[in-house]
Every structure is written in structure tokens, then in C-alpha cells.
1. Tell me which of these R43 doesn't satisfy, since it passes every other one: (1) assigned to a loop (DSSP other than H, G, I, E, B); (2) in contact with a Leu (Cβ under 8 Å, 6 or more places away or on another chain).
2. For R97, are the conditions met, namely being in a loop (DSSP other than H, G, I, E, B) and at pLDDT 85 or above?
3. So which residues in region 11-30 are of a type outside the set (D, E) and over 20 Å from the mean Cα position of the chain (by Cα), if there are any at all?
4. Just to be sure I understand the filter: pairs with C-beta atoms under 7 Å, separated by 6 or more residues or on different chains, first member in region 72-85 and assigned by TED's automatic domain parsing to the domain that holds G35, second member crowded, with 23+ Cβ neighbours inside 10 Å and not hydrophobic (A, V, I, L, M, F, W, C). Which pairs pass?
5. Within region 122-137, identify whether any single residue is modelled with pLDDT of 85 or more, under 30 Å from L57 (Cα atoms) and part of a loop (DSSP other than H, G, I, E, B), and answer yes or no.
6. Which condition number does A91 fail, the rest of (1) closer than 23 Å to D16 by Cα; (2) in a helix (DSSP H, G or I); (3) touching a strand residue (DSSP E or B) at 6+ places or on another chain (Cβ under 9 Å); (4) modelled with pLDDT of 95 or more being met?
7. Tell me whether region 63-82 contains one or more residues that are basic (K, R), under 20 Å from K129 (Cα atoms) and loosely packed, with under 15 Cβ neighbours inside 10 Å.
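The values are calculated or read from the model by the stated rules, or taken from the named source; none is laboratory data. A quick note: this is a predicted structure, and the numbers were derived from the prediction, not measured. Cβ sites come from the backbone with ideal geometry, for glycine too, and all protein chains shown count toward neighbours.
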Amino acid sequence: MPQPKDDLSKSLMALDQHKTLIASIELSLKSWLVGGIVPGIERDPLKKLVPDEEALLKLLHRWRDEAVKTGRTITRIVVAFEAGRDGFWLARWLRARGVEAYVIHPTSIPVSREQRRAKSDRLDIGLLKRAFLGWLRGEEKHCSMAARAVARYAGLTGSPDESGSRRREKGLAKAGNARVRRGVVQLAWRFLIHQKNSTLTQWYQACVAAGKKRTTAAHRALAVCHDRRRPAGRCAAPGDMIR
């Protein structure tokens with residue numbers, strides 16, 4: 001069965017681990033701990049950096065060069081870290097420089113009780129690295145990417161209601177930034193009025209014609225579109241962007 005293109009629970013791209021440099025980063029205010037899986041290098045390198053994007057890129061390129069010296073050809077550099085204070089801007093910065101950067105939803109990584117009790121940066125980076133590697137391999141139940149985190153910040157995601165195997169959303173959580181939420185709602189209505197030929201507006205109008213209410217989904221799509229710095233007229237329909 002073909003995989004939905006908006007499924008963020010596993011990678012859509014096949015992984016050639018012999019040609020891919022993989023790095024996971026534990027971000028904090030004072031330091032960035034970078035753990036790598038470098039083709040041709042038996043050890044898994046671990047490096048602590050001051051929070052500096054240029055130093056991070058330099059480290060990734062150094063690891064790539066070390067792999068090349070062993071006779072490997074590196075065609076892909078992939079990096080992942082949890083959503084947080086530095087997550088989204090750093091991902092955009094790395095992508096602009098040819099690095100695949102992914103932002104992981106923090107609560108999507110399963111953690112055992114023992115690991116919760118023995119929390120440390122080294123343990124966190126190991127867990128993050130294993131989860132990201134599983135995601136890259138296309139395996140399920142490792143982690144999910146955080147496309148919804150922007151909408152969650154604005155309080156535009158649903159409030160979960162779970163009972164046994166039944167899972168549904170029962171309205172907006174409204175737990176985010178109220179000022180941002182009000183601004184996004186106003187922006188969404190203006191967008192629907194003034195960008196009538198956009199994919200998002202056409203999708204919304206089709207839903208209304210079919211008797212479906214999708215206003216909140218349009219708000220979420222605009223929030224993510226703005227975070228990704230897309231031109232307003234090129235916003236994708238929510239089904240192509242987030243759920």
C-alpha cells in the first residue's frame with residue numbers, strides 16, 4: 001500500500017547508510033551535543049559545541065571528509081533534533097546550506113521508566129540517534145517529525161480524547177499563545193478573501209461546498225506556511241502539509 005505523503009511517522013526516502021552521514025543533536029541553552037553515525041568510521045563520534053550554527057556545519061563537513069578518506073562517497077547529510085527554542089530556525093538555516101534537517105516532535109519518542117530516571121545528555125543523544133535512525137529506515141513507532149509544533153504553539157491543534165482504542169480530537173486545545181492564535185485566525189480569513197486562486201483557498205471552498213468545516217485546518221496550514229517562509233499564494237492544502 002502506498003504511504004501517504006503527509007505521513008511524518010517514517011521517512012519517505014530510502015536510506016543508503018553507506019553513503020549517508022547521520023547526526024542527532026541535543027540542543028540546550030549553553031551547549032549543543034552532537035552525536036554522529038559516519039560511514040567508514042567504526043566509532044560513533046560525539047562532540048559538544050557552544051551554540052553556534054557555523055561550528056555545527058564545520059563539524060558535519062569534517063565528519064564527511066573523514067568518511068571520504070576511508071573511501072566512502074557521501075551523497076547525503078541528515079540531521080535531527082527535537083523541537084524547542086532553536087529547532088525551527090536552525091533547520092531552515094541548515095537546509096539552505098545543503099543539509100537535510102528534521103525537527104522531531106519531543107513526545108513522539110518512546111522512553112522507558114529507567115531512562116527517565118537516569119536522564120543525561122549522553123543518554124538523550126543515544127536515544128535520539130536510535131529513534132532518528134529507525135525513522136530514516138522507514139520503521140514505525142520510533143518518532144514523528146514536528147510539522148504540527150508551529151500550530152501547537154498558536155493553540156490551533158485539537159484536544160485529544162482517547163478511550164481504549166478510540167482516538168479523536170474534541171475541539172481546539174487553545175493552550176498556546178493567544179495573541180499569535182488571534183493573529184493567525186485574522187490572517188487566515190484575509191487570505192481566503194484576497195488569495196482566491198491559491199491551492200489552500202480552493203481546498204477550503206471545496207470543503208465548504210461539501211458541507212465540511214475546515215477553518216481550523218486552514219489556520220494551521222497558514223501558520224506552518226509562514227514558518228517555512230513560503231509565499232502566501234503558494235501555501236499548500238492542509239492535506240499536503242500537516243494533519
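1. Condition not satisfied by R43: (2).
2. Spelling it out, R97 is indeed in a loop (DSSP other than H, G, I, E, B) and at pLDDT 85 or above.
3. Result: Q17, H18, K19, K30.
4. Partner pairs satisfying both residue conditions: A80/S24; F81/S24.
5. Taking every residue of region 122-137 in turn, at least one turns out to be modelled with pLDDT of 85 or more, under 30 Å from L57 (Cα atoms) and part of a loop (DSSP other than H, G, I, E, B).
6. (4)
7. So in region 63-82, the residues basic (K, R) come out as 64, 69, 72, 76.
Now drop any that are not under 20 Å from K129 (Cα atoms), which leaves 64, 76.
Then drop every residue that is not loosely packed, with under 15 Cβ neighbours inside 10 Å, which leaves none.
No, there is no match, as no residue in region 63-82 is basic (K, R), under 20 Å from K129 (Cα atoms) and loosely packed, with under 15 Cβ neighbours inside 10 Å.
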